[in-house]
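Next up is a structure, given as structure tokens.
The values are calculated or read from the model by the stated rules, or taken from the named source; none is laboratory data. Please read all numbers here as calculations on a predicted model, not as lab measurements. Note that each Cβ is placed from the backbone with ideal geometry, even for glycine, and that neighbours are counted across all protein chains shown. Heads up: the accessible areas ignore ligands, DNA and RNA and are worked out on the full protein's heavy atoms, side chains in. Shrake-Rupley method; radii C 1.70, N 1.55, O 1.52, S 1.80 Å.
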Amino acid sequence: MKDIVKSMNQATESDSGVFADLFADLFLNSLHDNELLTSALSNAHISTAFGDDSLGKAFEMVAKIISTRELRGVDRDIFFIPHSNWDAHNKVLWNLNTNLESLDKAIGAFSKDMKAKSLWDSTTIIQSSEFGRSLEPNGGDGTDHAWGGNYMMMGGSVKGGKIHGKYPATLTTDGPDILERGRIIPTMSWEEIMGPVAEWAGVSPDSIVDVCPNIKAFEPVRMSVTDLFE
């Protein structure tokens, strides 16, 4: 089947067109790259036992791909791991206990593997969510959608143990930062922590607001690389 697909995309006619040729080239290159990655992953060494749930398997795959960095010829990688089931409109305590246990095991195994490979100091994990949760519960032992929330960053070179941002003067609706049902108004953009990461990835400081446009929606803080990393 693979040979047939390759032969079909290698054929070039006088009326093929530049876009068809470009698509064929990209498609064949992607097949070649996929074969190389599959072969590399089959030989990837993992020194830590990861969990059998979806989050553990995702972090295990990231660890395997990182171990192939020399073969792939890269000096930096960016991965995205989605994790759902946090939208706890009911049974919030059961939800948090279950999800936090899974998260703790996955990150613990990943950090242990990175440390064994002497890569933890060059690894950063950022946890983010598209919205926060209300401080007041609903009628189903859960919480509802809100605005401001907490975002965590961890890694071997991260300046840990610090809280950035402004804590509300009061958690009641009498304060300027709280809406009804305990919905917190954020005082800084979640993209503030992405600015230094973007600089690490090669974005110039003058261009941070272009790749992190929500920073401009709040009073500028403009965290630097030295604010978050050793």
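Tell me yes or no: at least one residue of the stretch 212-225 is within 30 Å of residue 137 (Cα to Cα), out of contact with any strand residue (DSSP E or B) (no Cβ under 9 Å at 6 or more places or on another chain) and among the hydroxyl-bearing types (Ser, Thr, Tyr).
No, the stretch 212-225 has no match at all.
Of everything in the stretch 91-127 that's part of a loop (DSSP other than H, G, I, E, B) and open to solvent by 90 Å² or more (accessible area, probe 1.4 Å), which residue is nearest to residue 192 (Cα to Cα)?
Our first condition is that a residue be part of a loop (DSSP other than H, G, I, E, B); within the stretch 91-127, this holds for 91, 117-119, 123.
Subsequent filtering for residues that are open to solvent by 90 Å² or more (accessible area, probe 1.4 Å) retains 91, 118.
Values: 91: 32, 118: 28 Å.
Ranking the qualifying residues of the stretch 91-127, first place goes to 118.
Right, here's the next one. What are the residues in the stretch 52-83 that are buried (at least 17 other Cβ atoms within 10 Å of the Cβ) and either part of a loop (DSSP other than H, G, I, E, B) or without any contact (Cβ under 8 Å) to a residue 12 or more places away in the chain (or both), if any?
Matches in the stretch 52-83: 67, 68.
Hey, residue 41 hits all of (1) free of Cβ contacts under 8 Å to residues at least 40 places away in the same chain; (2) open to solvent by 60 Å² or more (accessible area, probe 1.4 Å); (3) not β-branched (Val, Ile, Thr) but one; which does it fall short on?
The single condition residue 41 does not satisfy is (2).
Looking for whichever is within 24 Å of residue 62 (Cα to Cα) and part of a loop (DSSP other than H, G, I, E, B) here; the options are 130, 136. Which one fits?
Criteria check complete, one pass: 130.
Then there's this: Give the stretch 50-71 a look and list any residue that's polar (S, T, N, Q) and farther than 16 Å from residue 35 by Cα, or say none.
Passing the criteria: 54, 67.
Residue 131 fails exactly one of the following numbered conditions: (1) farther than 23 Å from residue 194 by Cα; (2) surrounded by fewer than 16 Cβ atoms within 10 Å (Cβ to Cβ). What is the number of that condition?
Every listed condition holds for residue 131 apart from (1).
Restricting attention to the stretch 148-163, does a residue exist that is within 25 Å of residue 200 (Cα to Cα) and among the polar types (S, T, N, Q)?
yes
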